[in-house]
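Here the structure comes first, spelled out in structure tokens, and everything after it is commentary.
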Amino acid sequence: MNKQTIFSEATLFRGLDESVIKNGMIWVEGDRVKYAGEAIDLETIDPSIERVDLGGKFVMPGMTECHAHLSFTDANPFQLGAQTPEEATLTGIRNARVMLGSGFTSALSFGSIHRVDITLRSAINDRKIPGPRLAAAGKDLGVSGSTVDSGVFDGLEQIADGPWELRKAVRQQRRDGVDIVKIFIDGEGVCEHCTQHELSFHDDEVSAIVDEAHRHGLRVACHSRSAAGVKQAVRYGVDYIAHANFLDEEAADMLYEARDRVFVGPGIIWELGLIEHCESLGLTSEWVRERGYEEEVEASIKSVQMMLDRDIRMMVGGDYGISVAPHGTYAKDLEIFVDMFGMSPGKALLCATRDGGAAVDPDGSLGTLEAGKYADILIVDGNPLDDIKIMQDHSRFSAIIKGGIIYRDLVDDFDFTIRASDIAAKNFS
Ligand SMILES: [Zn+2]
């Protein structure tokens, strides 16, 4: 028989809506939730089942990081691709552990150096290493002259042009074992040859990528900042849209029409990190402003409001794994969603749990605490509905449970990230 545990006296946030059950109970059997709701009279339950009195601690579903880059080293973002497969694999093992230790029990990859995410996903599923349930992506796929085609991201870029070459690239990624095909629909302010307002693909190229991916049961995730980019993504069936910074009414309405099949990740940690720490990357504030990043933050706040008005499903996550937004700080997104996007803490938690879970598993086994779902559970010391920032404090997690298993000691002083730059300089210790 599967092991069973009953957690009683919980302040229970099930992730169905923003409500909380004061005297909550959660009953775990094997890797699944057997019951989550109002307390049941314990006298009526088999006394041999283990019981844990939580004394009012906050219990919620494990979170989902929906723009994960597990193979990124926390390095200068302009040097990210410069890792050998071996270095990137070690990096990924470390980051998978840190991500789980940060309360994220599942993750949607938005691009991986080499084939690291695919390997990580298998090792995590086989319980060889700790980490989140992972929907794995391969290298970024883009056309010649796109942001992907920068020549400095050796391990991260795959270039193909035209519908048939792009179909071939999708087939190759399929062969390699990806779940997600990551594409760049438009560009980036730091990229001189393809800005945030410039489309990379022709319509028939995006259409071919999505068609080929969906034929093989893969999903497509895109980088898309401009309104035109979001429209192209929605029109041709892209599943996950990251950024969506510069929405116009038409783009927002198209997202509304597609709201049952599309997810948007509006995180802006990259912009905020770049603006605040540009000198550390050798850039000046003037240059960052000229390249449109302050404008991008302003536009994002308006765009998120348009999506909130239309009840578009939004996911947390956004390019953590770079020097200006390192691994382990993912829950900063929740603070941004509340303080800058004006969401209630409960709404921000729903983005991180219910909506992120549905994004990673469309079959509905993740993201909420209900009978039959995976027992991916956080037991938190403190109430994030009163102060969302506590989700950034790893010491607040009394327990991180994934599939009914409690994981411990995932993040304490554990740091052996090997950086390509350190190896080049032979100064790592
Ligand atoms: Zn990204």
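Any idea which of Arg235, Arg261 is within 22 Å of Ala68 (Cβ to Cβ) and either within 19 Å of the chain's Cα centre (by Cα) or at pLDDT 95 or above (or both)?
Going through Arg235, Arg261 in turn, just one is within 22 Å of Ala68 (Cβ to Cβ) and either within 19 Å of the chain's Cα centre (by Cα) or at pLDDT 95 or above (or both): Arg261.
Kindly check whether there is at least one residue in region 242-261 that is part of a helix (DSSP H, G or I), surrounded by fewer than 23 Cβ atoms within 10 Å (Cβ to Cβ) and of a type in the set (A, V, I, L, M, F, W, C).
yes
I need the full set of residues from region 151-160 which are in contact (Cβ under 8 Å) with a residue 40 or more places away in the chain and either over 18 Å from Thr84 (Cα atoms) or not in a strand (DSSP E or B) (or both), in order please.
If the condition is that a residue be in contact (Cβ under 8 Å) with a residue 40 or more places away in the chain and either over 18 Å from Thr84 (Cα atoms) or not in a strand (DSSP E or B) (or both), then Val152, Phe153, Asp154, Gly155, Leu156 are the ones that fit.
Mind listing whichever residues of region 262-291 are surrounded by 13 or more Cβ atoms within 10 Å (Cβ to Cβ) and not in a helix (DSSP H, G or I)?
Val262, Phe263, Val264, Gly265, Pro266, Gly267, Ile268, Leu283, Arg291
Please pick out the residue among Leu272, Leu308 that is without any contact (Cβ under 8 Å) to a residue 40 or more places away in the chain and in contact with a strand residue (DSSP E or B) (Cβ under 9 Å, 6 or more places away or on another chain).
Checking each option against the conditions leaves just Leu308.
Out of Asp319, Asp309, which single residue is under 21 Å from the mean Cα position of the chain (by Cα) and not β-branched (Val, Ile, Thr)?
Among Asp319, Asp309, only Asp319 is under 21 Å from the mean Cα position of the chain (by Cα) and not β-branched (Val, Ile, Thr).
Determine the pairs where a residue that is within 18 Å of Lys168 (Cβ to Cβ), located within region 125-150, has a partner that is among the basic types (Lys, Arg) and buried (at least 24 other Cβ atoms within 10 Å of the Cβ) with Cβ atoms under 9 Å apart, the partner being 6 or more residues away or on another chain.
Ala137/Lys182; Gly138/Lys182; Lys139/Lys182; Asp140/Lys182; Leu141/Lys182; Val148/Lys139
Being buried (at least 24 other Cβ atoms within 10 Å of the Cβ) and closer than 15 Å to Gly138 by Cβ is the filter; apply it to region 84-106 and report the residue that is nearest to the chain's Cα centre (by Cα).
It comes out as Gly92.
Would you check if Ser144 is surrounded by fewer than 15 Cβ atoms within 10 Å (Cβ to Cβ), part of a loop (DSSP other than H, G, I, E, B) and touching a strand residue (DSSP E or B) at 6+ places or on another chain (Cβ under 8 Å)?
It is true that Ser144 is surrounded by fewer than 15 Cβ atoms within 10 Å (Cβ to Cβ), part of a loop (DSSP other than H, G, I, E, B) and touching a strand residue (DSSP E or B) at 6+ places or on another chain (Cβ under 8 Å).
Let me confirm something: among Ala233, Ala227, which residue is away from the ligand (no atom under 16 Å from the Cβ) and crowded, with 20+ Cβ neighbours inside 10 Å?
Ala227
The values are calculated or read from the model by the stated rules, or taken from the named source; none is laboratory data. All of these numbers come straight from a predicted model, not from anything done at the bench. Because the Cβ atoms are built from the backbone with ideal geometry, glycine has one as well, and the counts that use them run over all protein chains shown.
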